[in-house]
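Following: one structure in structure tokens, then a few remarks.
Just so it is clear, none of the values below were taken in a lab; they were calculated from the coordinates. Keep in mind it's a predicted model, so treat the numbers as computed, not measured. For neighbour counting, all protein chains shown are included, and Cβ atoms are generated from backbone atoms with ideal geometry for every residue, glycine included.
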Amino acid sequence: MQHKAENGGTNGRARIGYRNVRIEYDGRLVNSIALDEERAPLVRKAFELYATGDYSLEHLYDVVADLGLTTRPTRRWPSQPVSVSKLHRMMRDPYYTGDVPYKGELYQGRHPAIIDRDLFDRVQAVMDARSQRGTRDRVHYHYLKGMLFCGRCEAGGRRSRLIYTEANGRGDTKYEYFFCRARQDKQCDLPHLPVEQVELAVLRHYVTLQLPEAFTVAAQDDITSAMANEQSTVRSVRADLKKQLSRLDVEEERLIDLAVDDSLPKEKLRARLRKVQTDRTRLQSELTTTTEQLALGAEVLRTYLELLADPQELYRRATDASRRVFNTAFYVEFKLDDSGVTSDVKTDPVDELHDAARAFVATQPQEPARYYRTRPAPEKQRGPSVPAGASSAYRRPSLADRYLVGGSSKGHLVGETGFEPAT
């Protein structure tokens, strides 16, 4: 079975959307996998619908059942709609991208792909957002589920999630609430918060995302200047990528030395070596596409600056599905009590932009600095980003460095050890 997987073969029965067939190969019949012309388009449709973020698995089950996606009939079981649990496994299965998963490894399969890698990655992002942050993707759905935590518990040294629930009243009236998970253990006295109150609190909190107009203008000018001075910028980026490649070479040599020791788990060492090889391939690819990556990074940064020009009005006018996208793009979590949002954790790009904005206003005359004086920088809850293969002493340059360092803005002209050579 290992040998078959390594050669791209499929072990066991074909997945939904495929069928087991017998084909002639070198004058003999062999088992193979072919597309199920009836079910493959419906499987692709299921992935496309779920990737929008507008469907829970239960809702997706109803839709694809109406479209006609069913299991293949067997001697024992007739054809029936694909269950929610099977849909969940299907959404997580890289087999549909043309790969063969076996014992934690992926091998290039010989079967045709039903979906591309980009669509699969978008589905994984939706599922991760609904699972890692506590959204079980079952029964009830709300665009804030999984992102809310109790501010009272936080103040008391505990960490407790706010759970979304729907209660039926008289006359089929439905009441929607968020309540603290610790209430069930009688550890928290936060009352049930009506959904409308929570939604309004988050909307009001969005004003804290807004960046100073002067900083936005300065950052846009810096992007334009960097792209105009593309040649020197590309050299700086390439130098950083080559440093990361050198660190990967050192780590690979160390892992090879450790592999000689029979007492260490070989599987873990092989997994680490595969990760190093994957990271090296990625960095080498970035070396060859530095210019394209630089243009893409500039466009992403411009987009964030535009979105954060007036984020509250943007959020106010958005649909529920779009609000979910904005929340996951800007925030990791909110902490609330009955008075509103007490604190938050922003995503890394937004957090870095606000760090840069604080550094910028600190260099300005007294009047513009009021923007952040009443809103001090939140306590950092995440460390600096460290590239793959980098040592713990490595610190990735941040956008704030552009405004923290006085004098020349060409920071890459001076090495890490300063003007004097290292001794």
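Quick notes
- Cα pair count fraction exceeding 20 Å, expressed as % - the range 17-94: 39
- Here the translational diffusion coefficient of the range 56-117 follows from Stokes-Einstein with Rh set to the Kirkwood radius across Cα pairs; for 10 °C and 1.306 mPa s it amounts to 120 µm²/s.
- Phi to ³J(HN,Hα) by Karplus 6.51 cos²θ - 1.76 cosθ + 1.60 over the range 186-198, Hz, x for Gly, Pro: 6, 9, 9, 10, 5, x, 4, 9, x, 4, 4, 5, 5
- Net lengthening on full extension, SER285/SER85 (0.36 nm per residue, minus Cα-Cα): 68.2 nm
- In Hz, Karplus ³J(HN,Hα) per residue of the range 215-220 (6.51, -1.76, 1.60; θ = phi - 60°; x = Gly, Pro): 5, 4, 5, 5, 5, 4
- Size estimate for the range 290-360 follows the Kirkwood approach: the inverse of mean 1/r over distinct Cα pairs works out to 13.8 Å.
- Using all pairs of distinct alpha-carbon atoms, the Kirkwood hydrodynamic radius of the range 1-152 works out to 17.0 angstrom.
- Simple spin-label estimate for ARG92 and TYR175 in nanometres, 7 Å along Cα-Cβ: 3.6
- Gap separating the Cα centres of the range 176-218 and the range 290-334, nearest whole Å: 19
- Contour minus Cα-Cα distance for TYR107 and SER398 (0.36 nm per residue): 101.1 nm
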